[in-house]
Amino acid sequence: MRMQSPDERRRLRRALALGLALAAVAGTTGTAAAAGPARHGAPDFGPNVTIFDPDTPLAEIQATLDAAHARQVDAEMGTARHAYLFKPGSYGTPAQPLQAKVGYYTEVSGLGASPTDVTVTGKIEAYNRCLTDGGTGNCIALVNFWRTLSNLSLSVNATGQDGCRSSANFWAVSQAVSMRRLDISGGGLSLMDYCTAGPQYASGGFIADSRLPATTNGSQQQWLTRNSEVESWSNAVWNQVFAGTVGAPDDADFPDPPYTTLETTPLSREKPYLFVDDHGRYHVRVPAARRDTRGVSWADGMTPGRTIGIRDFFVAKPSDPVHVINAQLARGRHLLLTPGVYDIARSIEVRRPDTVVLGIGHATLTAGNGAIPLDVAGVPGVVVAGVTVDAGRTESPVLLRVGHRHGRNASTPRNPITLSDVYFRVGGPHVGRTHTALEVNADHVLIDHTWVWRGDHGVEGFTEGVNGDTDRWRTNTGRYGAVINGDHVTATGLFVEHFQRYNTVWNGEHGTTVLYQNELPYDPPTQADWMNGRTRGWAGYKVGDRVRHHTLHGGGVYVFNQNNPSIRTENGFEVPVTPGVRLHHVMTVNLSAGTIDHVVNGVGEAADTTRVGAPVYVTRYPAR
């Protein structure tokens, strides 16, 4: 046999590699086609998506959702992910209501083009978790994370429930939880669970594009309600923000009560959603970006935007390799991530304008080998929604990057890159390490609800006690939560917690934030570990020294130095002193350990242990 030359061997290897790549694409094309709408059925969304239709017996739906809640109610650090979807029609009756509870990593959504296409008579709820005394004590909603309720009408009916439970539909939740495109009637909505034994604390959430009945905020510490309608709202606690919401309370007496109310939302784009048309075909509706809006998007018909058939999506499952996903994206397909945990050892690359990446059922991308799990180019109209990004054991430089520092940036004011319900986690179920969680380098980006979390509790690497906290500080590492370098970036609902330097750094010009919530890290071992040069501590929200235009409406920074209560942080907020940088309604609060000396730039009294739970407010900065 003739020996091949080195050049021939190289050409053969290239040809073989090309052939394998083409075969992979051809194979995935077949898979995607199979996952597209069948002649008489739904796409293949995999085993973790359950679709109900009006002919499904109510007892079967009830049993399915009851079993799901039983599995997920305590699965805070678990790997199961699920979506329960309802086709257009009616579910439950006044005599036999559907009464469901929603656990961790669970999405419950309607499949109508409008929220009124799916009607549930009954209740869809989240209650307190009782964490001690065999499940009877320390009953709170402070860790009720990662759940979604959207795109349906709920006629509240408590038939068969006890007197207290019959008083409202309870949605006792905290971060990484969204309610979108809901039409709730027939009874009240409570954002706390006052029926379970106390202390009944809850810590923040998000509602958008919804019609709400009389709403009891109760113990909710902070909340954003955007582009909605509300019959009434009671209680405020620390930081309640409304933007473009009909019926929102007036904020003239801030901080008593501490409401922040914007007549309109400066920039909004509703989250994409799945729907089924009259012929049983599946589509994704991608709402358009809008400015200075008020009220729900569906009041006069279908939400303005564009419709994409499901055949134009690659319907991915956790078993699909990243190179297959990237090949489909490169061909111009959109990406739908079905529920599950995806191991991502190289970046999913979103390079084409107007690409939609939609996760359902809290699809989770976990970094491997120090990868950047999701890398989005600075091109117009990309939408990433419903995706959670987890840090892995090897440090990643970034978990989600939008645009490159010195790369092409073509996003536009009319068609901004948009992140909706995109969540981040560093540590918790396993050791996590990243330098920065979210880095935005592109201009004209909208961040519509995110929780960027370096875990303050978890399973691996979270041993209780001083030594355990020291280990956590060294092993579950995240320097920065959100770093915003692009200009004209808007954030509506920015929740960032527990990072080891600045939780948020905003270097871009003309940035706007509507509701900011932050807890400083619990676990610095010593003051020396929590120093920014000669400055004691790192502010929870930092606007870059060279920035000349920035606006924040409704911001809070909390301190709980559990590991070492003597630790001090000089300022909750640090901003350049210039007329174009304006903070409206900001506060700090002490949760029982540590001290924040000032609210912003040396202004405001200390949030220390003499005023635990009593916020220190600054109505506006600068004062004139």
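Looking only at the range 552-572, count how many residues are part of a strand (DSSP E or B) and either over 22 Å from Ala236 (Cα atoms) or at pLDDT below 95 (or both).
Here is the first cut: in the range 552-572, the residues part of a strand (DSSP E or B) are 552-560, 568-572.
When the remaining residues are screened for being either over 22 Å from Ala236 (Cα atoms) or at pLDDT below 95 (or both), the result is 568-571.
Residues meeting the conditions: 4.
Tell me which residues, restricted to the range 209-223, are part of a strand (DSSP E or B) and either of a type in the set (S, T, N, Q) or buried (at least 24 other Cβ atoms within 10 Å of the Cβ) (or both). Show your work before the answer.
Step one: filter the range 209-223 for residues part of a strand (DSSP E or B), giving 211-216, 220, 222-223.
Residues satisfying the conditions are Thr215, Thr216, Gln220, Gln222, Trp223.
When only residues in the range 151-164 that are surrounded by fewer than 23 Cβ atoms within 10 Å (Cβ to Cβ) and within 28 Å of the chain's Cα centre (by Cα) count, which is nearest to Thr492 (Cα to Cα)?
Start the filter on the range 151-164 by keeping residues that are surrounded by fewer than 23 Cβ atoms within 10 Å (Cβ to Cβ), which leaves 153, 155-156, 158-164.
Now narrow it down to the ones that are within 28 Å of the chain's Cα centre (by Cα): 153, 155-156.
Working: Ser153: 24, Ser155: 28, Val156: 28 Å.
The residue in question is Ser153.
From the list Arg582, Arg611, pick out the single residue that is at pLDDT 95 or above, assigned by TED's automatic domain parsing to the domain that holds Trp506 and farther than 20 Å from Gln221 by Cα. Step through it out loud before you land on a result.
Working: Arg611 fails: farther than 20 Å from Gln221 by Cα.
From the options Arg582, Arg611, the qualifying one is Arg582.
Being under 19 Å from Glu519 (Cα atoms), out of contact with any Ser or Thr (no Cβ under 7 Å at 6 or more places or on another chain) and assigned to a strand (DSSP E or B) is the filter here; which residues of the range 439-465 pass it?
Thr450, Trp451, Val452, Trp453, Arg454 - these are the residues of the range 439-465 that are under 19 Å from Glu519 (Cα atoms), out of contact with any Ser or Thr (no Cβ under 7 Å at 6 or more places or on another chain) and assigned to a strand (DSSP E or B).
Leu329 versus (1) within 21 Å of the chain's Cα centre (by Cα); (2) within 28 Å of Ala83 (Cα to Cα): which is the lone unmet condition?
Exception for Leu329: condition (1).
Of Thr490, Thr578, which residue is part of a strand (DSSP E or B) and on the phi < 0 side of the Ramachandran plot? Before you say what the answer is, go through the steps one by one.
Numbers: Thr578 fails: part of a strand (DSSP E or B).
Just one listed residue meets the conditions, Thr490.
Mind checking which pairs have a first residue in the range 571-592 that is more than 19 Å from Trp538 (Cβ to Cβ) and a second that is among the aliphatic types (A, V, I, L, M) and at pLDDT 95 or above, Cβ under 7 Å, 6 or more apart or different chains?
Sorted first by the residue in the range 571-592, then by its partner, the pairs are His584/Leu552; Ser592/Val612.
In the range 440-466, which residue that is among the charged types (D, E, K, R) and surrounded by fewer than 24 Cβ atoms within 10 Å (Cβ to Cβ) is nearest to Gly205 (Cα to Cα)?
Initial filter on the range 440-466 (among the charged types (D, E, K, R)): 443, 448, 454, 456, 460, 464.
The next check asks that each one be surrounded by fewer than 24 Cβ atoms within 10 Å (Cβ to Cβ); those that pass are 443, 456, 460, 464.
Working: Asp443: 27, Asp456: 18, Glu460: 27, Glu464: 27 Å.
For the range 440-466, the residue satisfying everything is Asp456.
Sort out which residues of the range 313-348 are in contact with a Pro (Cβ under 6 Å, 6 or more places away or on another chain) and not assigned by TED's automatic domain parsing to the domain that holds Arg393, and write them in order of number.
The one that is in contact with a Pro (Cβ under 6 Å, 6 or more places away or on another chain) and not assigned by TED's automatic domain parsing to the domain that holds Arg393: Val315.
List the pairs whose first member sits in the range 54-83 and is surrounded by fewer than 18 Cβ atoms within 10 Å (Cβ to Cβ), whose second member is β-branched (Val, Ile, Thr) and assigned to a helix (DSSP H, G or I), and whose Cβ atoms are under 9 Å apart, counting only residues at least 6 apart or on separate chains?
Thr56/Thr64
Going through the range 295-335 one residue at a time, which ones are within 15 Å of Pro43 (Cα to Cα), in a helix (DSSP H, G or I) and without any contact (Cβ under 8 Å) to a residue 40 or more places away in the chain?
Asp312
Given the condition under 22 Å from Ser167 (Cβ atoms), outside any helix (DSSP H, G or I) and outside the structural domain of Ser420 (by TED's automatic domain parsing), answer yes or no: does some residue in the range 74-93 qualify? Working first, answer last.
The first filter runs over the range 74-93 and keeps only residues under 22 Å from Ser167 (Cβ atoms), leaving 92-93.
Filter once more, so that each one left must be outside any helix (DSSP H, G or I): 92-93.
Right, trim to outside the structural domain of Ser420 (by TED's automatic domain parsing) and you get 92-93.
Checked the range 74-93: at least one residue is under 22 Å from Ser167 (Cβ atoms), outside any helix (DSSP H, G or I) and outside the structural domain of Ser420 (by TED's automatic domain parsing).
Considering only the range 579-605, state which residues are touching a Lys or Arg at 6+ places or on another chain (Cβ under 9 Å) and not charged (D, E, K, R). Reasoning before the result, please.
First, the residues of the range 579-605 that are touching a Lys or Arg at 6+ places or on another chain (Cβ under 9 Å): 579-586, 589-590, 594-597, 605.
Those that are touching a Lys or Arg at 6+ places or on another chain (Cβ under 9 Å) and not charged (D, E, K, R): Pro579, Gly580, Val581, Leu583, His584, His585, Val586, Val589, Asn590, Gly594, Thr595, Ile596.
Determine whether Val357 is touching a strand residue (DSSP E or B) at 6+ places or on another chain (Cβ under 6 Å) and among the aliphatic types (A, V, I, L, M).
For Val357, the condition - touching a strand residue (DSSP E or B) at 6+ places or on another chain (Cβ under 6 Å) and among the aliphatic types (A, V, I, L, M) - is met.
The values are calculated or read from the model by the stated rules, or taken from the named source; none is laboratory data. Quick caveat, the model's predicted, so the values are computed rather than measured. As a convention, Cβ positions derive from the backbone with ideal geometry for all residues, glycine included, and neighbour counts pool all protein chains shown.
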